[in-house]
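Report on the structure given below.
Any read-out appearing in this document is the output of simple, stated calculations on the displayed coordinates, not a laboratory observation. As the structure is a computational prediction, the values presented were derived from the model and not from experiment. Here the Cβ positions follow ideal geometry from the backbone for every residue, glycine too, while neighbour counts run over all protein chains shown.
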Amino acid sequence: MSRAIRPRSRAPGMTRAPRFRAVGPSRERESAHAIDLSTRIGPLELANPVLVASGTFGYGDEYAHVVDVSALGGVITKTVTLMPRAGNPAGRIAETAAGMLNSIGLENVGLEKCRSEKLPKLRSLGATIVASVGGETPDDLVRLLEALGDEPGVAGFEINFSCPNVAEGGARYWADPSRLEHTLAHLRPLTRGALIAKLPPDVTSIADLAIACERGGADALTAVNTFVGLALDLDALKSKLGRATGGLSGPAIKPLALARCHEAVRAVGIPVIGSGGIESGRDAMEFLAIGAAAVQVGTASFIRPGASSTVLDEIREFLASRGIARLDNWRGCLRDLGQGRA
Amino acid sequence: MSRAEQGNGGAKAGAGVNGNAKSVAPLRVSTRTVPRTRWIQAPAIVRRHEDEGAAHRWLELEAPGSFATPLPGQFIQILLASPSAVLLPRPMSVASARRRGGRCVMGFLYAPVGPGTRLLAACEPGSSVEVLGPLGRGFPLDQPGIPVLIACWRGVAPLIFAARSLAHPSARRRGRRAEFLFGARDRAHLVGLEKARREIAAVQGRLQLATDDGSRGIRGNVIDLLERLAPRLAGTPVLHACGPHAMLKAVAGWALSRGVRAHLAMESVMACGTGVCRGCPLPRSRAKSEAFDSASTPSLWGNREYAMCCTEGPVFEARDLDWERVE
Ligand SMILES: Cc1cc2nc3c(=O)[nH]c(=O)nc-3n(C[C@H](O)[C@H](O)[C@H](O)COP(=O)(O)OP(=O)(O)OC[C@H]3O[C@@H](n4cnc5c(N)ncnc54)[C@H](O)[C@@H]3O)c2cc1C
Ligand SMILES: Cc1cc2nc3c(=O)[nH]c(=O)nc-3n(C[C@H](O)[C@H](O)[C@H](O)COP(=O)(O)O)c2cc1C
Ligand code: FES
């Protein structure tokens, strides 16, 4: 039996720093942990801005022997639906230039097993839990939140309005501002936890969707889910995936995601969580610079399961090396980029 | 194939009767007693890297002592040093594993077929990669019966590892010699044949060859070898096979129609290799699907309809998969 890589243990409260203390590069190492990374997402106060993206970290326990999930800002579960889903047939993954296409089809254990087995396990690991939920209709989502809304230890919900890989209730269906607004208005009273709407990138105006979500009562947005993509096998003359198209993720989409995220940030007053191609602390700092409140690490965890911890460490080092004691002093520093130009 | 199932994606759980299960032994939830180890990701150094003939390469990697020793049939994910032109790690079956000075030295036989494996082929001894593993469940070598190891092409490598394990005096059923069947299109494709001869002889195994064109061994394939061998065995065979899916399908079909146990090392395109991304589904047989018990099956392994190749596999029992739908 091997010894697992032990997560570094951190004393609770270590991230609370004396405010506005300038730190010089010479004290970088010891001061990195004293930087204030606190992050507010609606009613949620997170210790830091690094979350793991839905569908790339299972139900939070699969990577727990290599990542101290309690040290992350939060863990977003695989999207859960009312009933278990078996997912799409084989041909679910294809690598593309600096990215990957997936067509998983929301395979998940379903509400019951999530509640009875997965959430308690994740709770016991001390993680801040955001449950991702998905539905084919507004009514599905209402039922999911009725069931999970008061679940102990669930700090918030990310509503997956943006899956590109399902026939019913996917990104296309939800890319309708009034549908989003009305659905969120129904969900709002069902939980006191954070209500986060996850948006698709392949839309005419992500700003319109973002505004509708804010009006409907969302506490925050996630921008963005995967981009619809297609890759062909020219020898077999078919798609490299079982279903023709899939969702593109990974470094290839970072500039695209950053632009969509920026557009959403500028459109609304609620926090926006960035997702798309984040592999390093510097990637995260770009999203935070344009005004994202927090970031999600997705595909990077498949390549290095410890990627989320690394991103967190690198954010601290980045700030420490510039003598910035609070993430708030960085967040949004480039929010107004391009403002006033056509 | 004994069990035809309805087409893609729609096999309904719990529906219908289990038609012609005929001679197949009754299904229990799990007969597998493969020890489970915890994977880690660790840096590794290329120690040897050379041509093995038949367009294959032999690679030896040295991982730190914290890396658990893989078992035959298990695989690891090899991640090239970054920056790299490929994003995801590449799964490779372990072809040998030993401890050296407390460190874990693993061998791999692979073919450079695409961008990832071609970049791997260019890694000089002394260079670094990262390894994640050991992953998956290997061959259940403690199953009773006369072990018959069936390899096509590069599938030979993990099975030589299995033959050595079977013969090892510390193995649970102690020092069993294996029947070894090895096939390929022609003699040039019998990759690592000389090594196979040596290693199988060293563990008192018996090697028989088949080529489609008869340039080595019998003219025919491994199923023909199996047909000849089976009646001469002193007991019930238990099959372990590794090779292209078409060959594994044929072995599975042969075994299912005779009620013989067969364990097949499957492949799938993979992303994570650890059950997280859900990218590597293999269709379950109707019987397995009907007997599926979500309480006793780790969700990491799959669901009622699909098993994940990387966690429940890559080695599967013939009766557990729907071979009509395996690509
Ligand atoms: C559990 C497991 C064990 C494996 N063991 C070995 C081994 O011991 N030796 C060896 O040479 N190869 C092995 N493979 C296959 C190997 O992983 C692929 O050949 C490799 O990932 C191809 O990557 P590439 O970038 O070079 O080519 P790509 O361009 O990614 O693929 C080239 C061709 O290989 C196919 N392919 C890609 N990935 C896989 C895959 N994971 N499984 C099957 N076909 C694939 C593609 O469809 C394409 O036709 C194994 C695969 C798995 C899943
Ligand atoms: C294999 C895979 C499965 C995913 N599953 C989900 C999911 O269930 N729900 C969801 O909201 N997003 C899902 N996503 C999208 C990710 O959460 C993330 O938003 C997207 O991949 C972009 O980020 P990345 O480039 O960092 O991966 C999935 C992505 C991948 C690659
Ligand atoms: S490769 Fe990710 S689940 Fe198997």
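The table below gives the values:
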read-out: Principal-axis tilt of helix A:307-321 within chain A, Cα atoms, nearest 10 degrees; value: 40
read-out: Straight-distance crosslink candidates among aspartates and glutamates, where the alpha carbon sits under 18 Å from A:K238 and sequence neighbours closer than 8 are dropped; value: A:E95, B:E327
read-out: Compactness index (Cα Rg / 2.2 N^0.38 Å), the protein assembly as shown; value: 1.01
read-out: Residue-by-residue Karplus 3J(HN,Hα) for the range B:136-141, coefficients 6.51, -1.76, 1.60, Hz, glycine and proline x; value: x, 10, x, 6, x, 6
read-out: Proximal lysines relative to A:K254, as straight alpha-carbon distance under 19 Å, when same-chain residues fewer than 8 apart are discounted; value: A:K198
read-out: Among B:R154, B:R216, B:R228, residue whose mean-square fluctuation peaks in a GNM of chain B (springs only between Cα atoms under 10 Å); value: B:R228
read-out: Of the DSSP H helices in chain B, those whose Cα atoms cover at least 15 Å axially and whose Kyte score averages 1.0 or more; value: B:156-167
read-out: Gaussian network model of chain B, Cα within-10 Å springs - most flexible of B:C309, B:C242, B:C280; value: B:C280
read-out: Placed amide H near B:R47: partners under 5 Å, 5+ positions off or other chain; value: B:E60, B:L61, B:E62, B:G126
read-out: Binned Cα-Cα distances of the range A:127-187, short to long, each 10 Å bin given as a whole percent; value: 23, 52, 24, 2
read-out: Euclidean distance of C-alpha centroids, the range A:31-97 and the range B:214-284, integer Å; value: 38
read-out: Proximal charge balance of B:Q204 [Cβ under 10 Å; K/R count +1, D/E count -1]; value: +3
read-out: Cysteines (scope chain B) whose Cβ has no counterpart Cys Cβ under 4.7 Å; value: B:C104, B:C123, B:C152, B:C242, B:C310
read-out: The protein assembly as shown: calculated mean residue ellipticity at 222 nm from DSSP helix runs of at least 4, using -39500 (n - 2.57); value: -6500 deg cm²/dmol
read-out: All lysines inside 21 Å of B:K195 as judged from Cα atoms, apart from same-chain residues fewer than 8 positions distant; value: none
read-out: Qualifying trypsin sites (Lys or Arg not before Pro) for the range B:262-291 [loop in DSSP, other Cβ within 10 Å: at most 16]; value: none
read-out: Shape category assigned to chain B from the gyration tensor of Cα positions, a/c cut at 1.5; value: oblate
read-out: Loop sites in the range A:148-257: trypsin sites (Lys or Arg not before Pro), DSSP, at most 14 other Cβ within 10 Å; value: A:R192
read-out: When each of A:K121/B:K288; A:K240/B:K288; A:K78/A:K121 is checked by Cα-Cα distance, pairs over 18 Å; value: A:K121/B:K288; A:K240/B:K288
read-out: Ranked A:F227, A:F287, criterion: other C-beta atoms within 10 Å, fewest first; value: A:F227, A:F287
read-out: C-alpha long axis of helix A:138-148 to longest principal axis of chain A, angle in °; value: 50
read-out: Once the Cα gyration tensor of chain A is diagonalised, semi-axes √(5λ) in Å; value: 29, 23, 22
